[in-house]
Structures are given as structure tokens and as C-alpha cells.
Amino acid sequence: MLKASALYMVIIIALVIAVFSASLIATAYFYRLEYQKNMRFGRLQLNLNSATSILLSSAYGSTEEQKLDLFGEQTDSVVLKKEQWGLFALGTAKAFTLNDTLKKVFLIAEDTEKDLTAVYLSDEDRPLSVSGNTRITGDVQIPKAGIKQAYVEGKPYAGKELVYGSIKNSTRTLPQLNQSMLDEIEKYLGDTLNNEVYVSDSLSNSFFNEPKVIRVSRSSPAITNTAITGRVIILCDTVLTIGPGAQLRDVLVYAPSIVVKEGFKGSGQLFARDSVVVEKTAVFEYPSAIGILKKGEGGQPKIELGSDCRLAGIIFTHEKKRSELQTVISLGKNAVVKGEIYAAGFIKMEKPVTVEGKVSCNRFIIQTPSTLYENYLIDITINRNSRSAYYLSSPLFEHKAPNQILRWLN
């Protein structure tokens with residue numbers, strides 16, 4: 001006869017086997033779920049990459065949100081949207097299936113690695129003169145009158161070559177800018193929006209959201225000790241002051257005139273009608289931009305970068321028709337620009353100045369304590385080769401170059 005304890009052991013063993021079997025079934029079930037999830041998200045990631053590639057394609061020009069079925073099987077859906085954000089394009093890509101969604105948002109710019117031009121000086125029938133420790137590295141397009149050495153304030157030209165690159169003839173006008181991008185900027189400078197909301201506290205808005213438009217109070221037109229980041233548009237209808245305590249990142253700023261105080265550090269794109277004055281030691285991080293869009297014939301709009309300022313990005317001025325009082329971009333002593341300068345007028349410099357990139361203008365002006373020199377470069381460094389290989393330019397200049405991702409957002 002079997003003892004009662006033997007039956008007890010059989011029950012325990014059966015229970016252990018049951019628990020073990022249930023564990024195996026549960027493990028297989030959850031493994032299958034995780035495997036299916038990984039496969040699903042892997043496919044979503046591939047679709048998201050495909051959507052990103054479509055947005056980067058030069059053939060894609062739609063500004064409306066589009067929903068696409070990538071392979072016509074109703075299982076690989078993506079949503080694409082491409083908009084203008086200042087001088088760059090803003091791309092939003094989403095891939096989804098059932099309740100699962102992956103999305104990316106990024107700035108799009110142009111890869112101008114093959115553009116080796118350091119200086120474009122429009123032809124006004126006068127030569128370009130170089131003196132002192134001036135060094136131009138890169139190709140140049142200058143007037144037919146050519147380039148020559150000059151003896152200024154007791155100093156000859158110190159270089160061995162006039163240009164460390166090729167020399168070609170320029171035309172009487174600067175290369176044209178992208179008019180559709182200028183028109184979009186004009187909309188905000190016209191200040192015809194009705195949905196402005198004023199905030200005095202810090203603000204952050206994701207680039208996945210619609211832009212948040214705010215107006216700076218006219219009674220106190222200043223941004224001080226405030227952090228504003230993301231997809232935010234700042235409007236002002238008078239002279240706007242940006243203090244050293246302001247923390248701006250990726251924002252757009254529109255005003256008739258803008259003053260950036262000494263000690264400011266941040267990034268953003270500033271657009272004005274009359275003037276943008278950046279006081280000494282201010283720093284604009286990449287990718288930043290400062291632009292003037294002149295309206296009408298009156299006045300002489302200017303962009304002024306103070307001594308010891310640093311800007312990584314783009315500085316430009318524009319007027320529809322060359323006027324008697326052409327726009328001015330003024331660079332203070334020891335100022336450094338890493339990127340591009342485009343002046344639909346004059347570039348005025350107080351030596352020494354360094355530009356790591358490209359300069360385009362109608363005329364150079366050098367200010368010394370005693371004299372003002374036209375179409376002279378004295379102790380000026382313009383080096384196209386020293387510009388970062390990762391630098392990307394704006395479609396504003398219509399390089400018709402390949403699109404690349406300038407920066408991931410959010």
C-alpha cells in the first residue's frame with residue numbers, strides 16, 4: 001500500500017510542473033508581444049527615415065501637410081510637413097500604425113561645401129586694395145579692375161599672395177536672394193497678425209506645436225531675465241531691447257529696430273527694418289541670423305556688430321532696388337563671424353576683423369582713427385577654408401545645393 005505522504009508529494013510535484021508550464025507559456029506570450037512590438041517599431045523607424053529623406057529631397061516643395069502611403073499597402077503611413085522657420089526650413093515627419101507613432105522635427109539647410117568663394121565684390125569700376133596683415137583664403141569674384149597692394153598708414157601688404165585662391169570677375173550686381181523667403185519674413189515685419197499673446201514669464205514651446213506668437217509690451221519694450229525657447233515668434237512695434245539676462249534659443253524676433261545688450265549669449269534669428277545693434281562681447285551661437293529688410297527709399301538701415309562680438313550663422317541686408325543710401329553692415333574691432341555675410345550695400349569694418357566663411361557686398365569700407373578707406377581691406381582675415389565642414393547655409397542664397405539636417409529639435 002502507498003503511504004498518504006506519497007500522494008502529497010505527487011500533488012506538490014504536479015503543482016510545480018503546472019507553475020513551470022504556466023511560466024513557459026507566459027514567457028513565450030510576452031516574448032512574442034515584445035518581438036512584435038520591436039518589429040513594428042523597427043518598421044516605423046524605417047518609414048520615419050523614408051519620410052525624412054522625402055523632406056530632404058530638393059524635389060519636395062509642398063508647404064502643406066501631406067499624408068502618404070509609402071508602398072500602397074495601407075500599412076506604412078507617414079505624415080510630412082515642411083515650413084519656413086526664419087532663414088531655414090522646418091521639417092516634421094511622422095510614421096504611424098494603429099496606436100503607435102514615431103515622429104521627428106528638424107531644421108533643413110543647404111550643404112555648400114562645394115562653394116569655395118570667400119569674397120564676392122560687385123563691380124563698381126574700382127579695384128580692391130589690400131594692406132597690412134590682410135589675408136584672403138579662398139576663391140574671389142571681384143571687379144575687372146582687379147586687386148592690388150596698398151601702403152596704408154606706414155604699413156605695406158604683408159602677404160606673399162594677394163589671394164590664396166582663384167580670382168574671377170564679378171558682375172555689377174550681387175547674386176539674387178530667394179524672394180519667397182523674403183516675402184515670408186515681410187509678413188511678420190508688417191505686423192498684421194491678430195493672435196498675439198503677451199507673456200512676461202519664461203516660455204518654452206515644442207516645435208511639434210504650432211508657433212506661439214507673443215508681443216513685447218510697448219510700454220516696456222525689453223526682454224530681460226526671461227527664458228524663451230523653441231517655436232516662439234516675438235513681435236514688437238518699437239525699438240526692442242534684449243538684455244544680457246535674456247535666454248533665447250531658436251526663436252524668431254521681428255521689430256523695427258533691435259538692440260542686443262553687452263554680455264548677451266544665446267541663439268535665434270533677428271529681423272528688423274531700420275537697425276540691429278549688437279553691443280560688444282555679445283555671442284550668437286550657431287545657427288543664428290541677423291537680417292535687415294529695407295523698405296522704401298528713406299534712411300540708411302544698418303546692422304552693427306560691436307567689438308569682440310561673436311556670431312555663428314548669417315548676417316544679411318536686403319533692399320529691392322539699390323538706393324543712394326545703401327544698407328550698412330558694421331563689424332567692430334576683433335569681431336568674429338563664422339558663416340556668411342551678405343550686404344546689399346556696404347560692409348564697414350574696424351580692423352582687425354575675422355570672417356570664417358564668405359563675404360558678399362557692393363563695397364568695403366575700412367574705418368581707421370584718421371581716415372575712411374573705400375574698397376580697402378586692412379588687417380582683415382577672410383578665410384573660407386576655416387569655416388566648419390559641418391556648416392550648412394540657408395536657401396535664402398539659392399545655392400541649389402543638397403539639403404541636409406541642420407539640427408534636430410525637441
Exercise for the section: Considering (1) part of a loop (DSSP other than H, G, I, E, B); (2) surrounded by 21 or more Cβ atoms within 10 Å (Cβ to Cβ), say which one T281 fails and leave the rest. Expected result: (2)
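For every residue, the table says whether it meets (1) among the aliphatic types (A, V, I, L, M); (2) within 16 Å of I380 (Cα to Cα); (3) not in a loop (DSSP other than H, G, I, E, B).
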residue: L311; (1), (2), (3): yes, no, yes
residue: F316; (1), (2), (3): no, no, yes
residue: R322; (1), (2), (3): no, no, no
residue: K333; (1), (2), (3): no, yes, no
residue: K338; (1), (2), (3): no, yes, yes
Handout entry: Residue count, the stretch 225-268 (criterion: within 19 Å of N209 (Cα to Cα) and not polar (S, T, N, Q))
Key = 15
Exercise for the section: Collect the residues in the stretch 166-180 that are outside any loop (DSSP other than H, G, I, E, B) and within 23 Å of A89 (Cβ to Cβ), keeping them in residue-number order. Expected result: Q179, S180
Fill in the blank from the handout: Within the stretch 311-341, residues charged (D, E, K, R) and in contact with an Asp or Glu (Cβ under 7 Å, 6 or more places away or on another chain) come out as K333, K338
Completion exercise
Quick count over the stretch 287-343, residues being open to solvent by 10 Å² or more (accessible area, probe 1.4 Å), at positive phi and touching a Gly at 6+ places or on another chain (Cβ under 8 Å), is 1
Exercise for the section: Test each condition in (1) more than 20 Å from N205 (Cα to Cα); (2) in contact (Cβ under 8 Å) with a residue 24 or more places away in the chain; (3) touching a Ser or Thr at 6+ places or on another chain (Cβ under 8 Å) for L248 and report the one that comes out false. Expected result: (1)
Problem - All positions within the stretch 343-362 that are in contact (Cβ under 8 Å) with a residue 24 or more places away in the chain, within 22 Å of G165 (Cα to Cα) and not in a loop (DSSP other than H, G, I, E, B) - result: V353, T354, V355, E356, G357, K358, V359, S360, C361
Fill in the blank from the handout: Flagged in the stretch 255-268 as of a type outside the set (K, R) and open to solvent by 10 Å² or more (accessible area, probe 1.4 Å), in numbering order, are P256, S257, V259, E262, G263
Problem - Residue check, T97 open to solvent by 30 Å² or more (accessible area, probe 1.4 Å) and β-branched (V, I, T) - result: yes
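Being open to solvent by 10 Å² or more (accessible area, probe 1.4 Å), more than 15 Å from the chain's Cα centre (by Cα) and either aromatic (F, W, Y) or within 17 Å of N178 (Cβ to Cβ) (or both) narrows it down to one residue among P369, P402; which is it?
Values: P369 fails: either aromatic (F, W, Y) or within 17 Å of N178 (Cβ to Cβ) (or both).
Going through P369, P402 in turn, just one is open to solvent by 10 Å² or more (accessible area, probe 1.4 Å), more than 15 Å from the chain's Cα centre (by Cα) and either aromatic (F, W, Y) or within 17 Å of N178 (Cβ to Cβ) (or both): P402.
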Problem - Members of the stretch 372-392 found to be open to solvent by less than 50 Å² (accessible area, probe 1.4 Å) and among the hydrophobic types (A, V, I, L, M, F, W, C), listed by number - result: L377, I378, I380, I382, L392
Handout entry: Matching strands (runs of 3 or more DSSP E) fully within the stretch 364-410 where at least 3 residues are of a type in the set (S, T, Y) and in contact (Cβ under 8 Å) with a residue 12 or more places away in the chain
Key = none
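Test E350 against the criterion of being among the acidic types (D, E), open to solvent by 20 Å² or more (accessible area, probe 1.4 Å) and more than 30 Å from F207 (Cβ to Cβ), and give yes or no.
Values: among the acidic types (D, E): yes; open to solvent by 20 Å² or more (accessible area, probe 1.4 Å): yes; more than 30 Å from F207 (Cβ to Cβ): yes.
For E350, the condition - among the acidic types (D, E), open to solvent by 20 Å² or more (accessible area, probe 1.4 Å) and more than 30 Å from F207 (Cβ to Cβ) - is met.
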Practice task
Kindly list, by first and then second residue, each pair from a residue in the stretch 158-178 that is more than 15 Å from F397 (Cβ to Cβ) to a residue that is basic (K, R), limited to pairs with Cβ atoms under 8 Å and residues at least 6 apart or on different chains.
Solution key: G159/R135; L162/K148; Y164/R135; G165/R384; N169/K144
Fill in the blank from the handout: Checked the stretch 131-178 for anything open to solvent by 70 Å² or more (accessible area, probe 1.4 Å) and touching a Lys or Arg at 6+ places or on another chain (Cβ under 6 Å); matches are N169
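Only one of S288, S330 is in contact with a Ser or Thr (Cβ under 8 Å, 6 or more places away or on another chain) and farther than 20 Å from N133 by Cβ. Can you tell me which? Can you show your working first?
Working: S330 fails: in contact with a Ser or Thr (Cβ under 8 Å, 6 or more places away or on another chain).
Being in contact with a Ser or Thr (Cβ under 8 Å, 6 or more places away or on another chain) and farther than 20 Å from N133 by Cβ holds for just one of S288, S330, which is S288.
The values are calculated or read from the model by the stated rules, or taken from the named source; none is laboratory data. Note that the coordinates shown come from a computational prediction; the quantities given were computed from them, not determined experimentally. Methodologically, a virtual Cβ is constructed for each residue, glycine included, from the backbone with ideal geometry; neighbour enumeration extends over all protein chains shown. Quick note on the areas: whole protein, heavy atoms, side chains included, nothing else; ligands and nucleic acids left out. Shrake-Rupley method; radii C 1.70, N 1.55, O 1.52, S 1.80 Å.
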